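Engineer: Okay, here's the structure, questions in a sec.
The values are calculated or read from the model by the stated rules, or taken from the named source; none is laboratory data. Small disclaimer: the values here were computed from a predicted structure and weren't measured. Because the Cβ atoms are built from the backbone with ideal geometry, glycine has one as well, and the counts that use them run over all protein chains shown.
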């Protein structure tokens, strides 16, 4: 074993510090670390007597400087050096000595003070809940800590579900701050207490018939509940699309309106009762999620037809497809045979994950057949509602 100088052992102390820091801070436990100094043999002393002397002097200097730890010495006969008193072990007898030797004593004291403050403000039992998320708060500065305690206090005295995060009257705390520190807040307050009021989900709708308006407007965004109250007697057809540019560019169409689906809109569409009495055409991406959404739409609107989600469209534009990053695992029980065949074609291409995005379909196809033309598929008869 090579002779170890003080600097050679700092890494060992730092490894212990990093592995035990949370326990030292949160549980206030003690620890010790015994380090071998790699005492030389007589052969080493014969080969490098000057090096041995320098090594002994380094450990004497360590002691003289009052550096942490206790150096254990013993007498040993070392060849040409004769009987020599040499250091053999450094004992770092407690947590403070380990941290000081590692160069992190100030940080340990800081974190222990921080946790003591948490105990004072939150109570020991509640502060103990911060142990699992130690990494989430160990680097906080004083301002962040003060904001955290202020948020906890506010939550303790308010029903968060009645407020938007934006309404928190705490300087420096906004939606991003809450999301960034949500894990630590949840550890102390409970995830259910962080259920702030959600932003309203708005559905975007526009008239495709210049002679008809939606509550006096050609283009509106409103909640499903509000849309459900509108009078839409003049509209007979509703086109639901998942691409906003397509939604905005859909050509004029008598007695029709368009809805921007914006992803999984099925549950929101279910809250618009007048859709049950309209012809509903759904057009989604040609991928597993597009068909999963179609399936979900039919759970609430079983009469919904699909457009441009047929085998012919897949075959014609497969060369424009990309690989779907993640496929849907949804069980689809409401697809017509032709839709299932189109889905199967997607799974047979692109390593089983072909995706043809809606915006990849040339727009002249939509202009020629805004209601799908020959590419309309009716829902299956007697769909499985299981």
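Engineer: Among the candidates 73, 59, single out the residue that is part of a helix (DSSP H, G or I) and under 30 Å from residue 29 (Cα atoms).
Structural biologist: Just one listed residue meets the conditions, 59.
Engineer: Considering each residue of segment 59-81, count those that are in contact (Cβ under 8 Å) with a residue 40 or more places away in the chain and surrounded by fewer than 16 Cβ atoms within 10 Å (Cβ to Cβ), and give that number.
Structural biologist: 1
Engineer: Assess whether residue 305 counts as being crowded, with 16+ Cβ neighbours inside 10 Å, modelled with pLDDT of 95 or more, out of contact with any helix residue (DSSP H, G or I) (no Cβ under 6 Å at 6 or more places or on another chain) and closer than 18 Å to residue 242 by Cα.
Structural biologist: Spelling it out, residue 305 is indeed crowded, with 16+ Cβ neighbours inside 10 Å, modelled with pLDDT of 95 or more, out of contact with any helix residue (DSSP H, G or I) (no Cβ under 6 Å at 6 or more places or on another chain) and closer than 18 Å to residue 242 by Cα.
Engineer: Do we have any residue at all in segment 314-328 that's within 30 Å of residue 225 (Cα to Cα) and within 28 Å of the chain's Cα centre (by Cα)?
Structural biologist: For segment 314-328, residues within 30 Å of residue 225 (Cα to Cα) and within 28 Å of the chain's Cα centre (by Cα): present.
Engineer: Also: Of all residues in segment 304-339, count the ones that are in contact with a strand residue (DSSP E or B) (Cβ under 6 Å, 6 or more places away or on another chain), more than 13 Å from residue 354 (Cα to Cα) and part of a helix (DSSP H, G or I).
Structural biologist: Total meeting the criteria: 2.
Engineer: Got a number for residues in segment 143-194 being within 18 Å of residue 118 (Cβ to Cβ), part of a helix (DSSP H, G or I) and touching a helix residue (DSSP H, G or I) at 6+ places or on another chain (Cβ under 9 Å)?
Structural biologist: Summing the residues that are within 18 Å of residue 118 (Cβ to Cβ), part of a helix (DSSP H, G or I) and touching a helix residue (DSSP H, G or I) at 6+ places or on another chain (Cβ under 9 Å) in segment 143-194 gives 20.
Engineer: With (1) outside the structural domain of residue 181 (by TED's automatic domain parsing); (2) in contact (Cβ under 8 Å) with a residue 60 or more places away in the chain as the list, and residue 85 as the residue in question, which single condition is left unmet?
Structural biologist: (2)
Engineer: Checking the condition under 30 Å from residue 77 (Cα atoms) and surrounded by 19 or more Cβ atoms within 10 Å (Cβ to Cβ), which residue from 33, 5, 21 passes?
Structural biologist: Matching residue, one of 33, 5, 21: 33.
Engineer: Can you name the condition, by its number, that residue 48 falls short on among (1) within 30 Å of residue 133 (Cα to Cα); (2) surrounded by 14 or more Cβ atoms within 10 Å (Cβ to Cβ)?
Structural biologist: Against the list (1) within 30 Å of residue 133 (Cα to Cα); (2) surrounded by 14 or more Cβ atoms within 10 Å (Cβ to Cβ), residue 48 comes up short only on (1).
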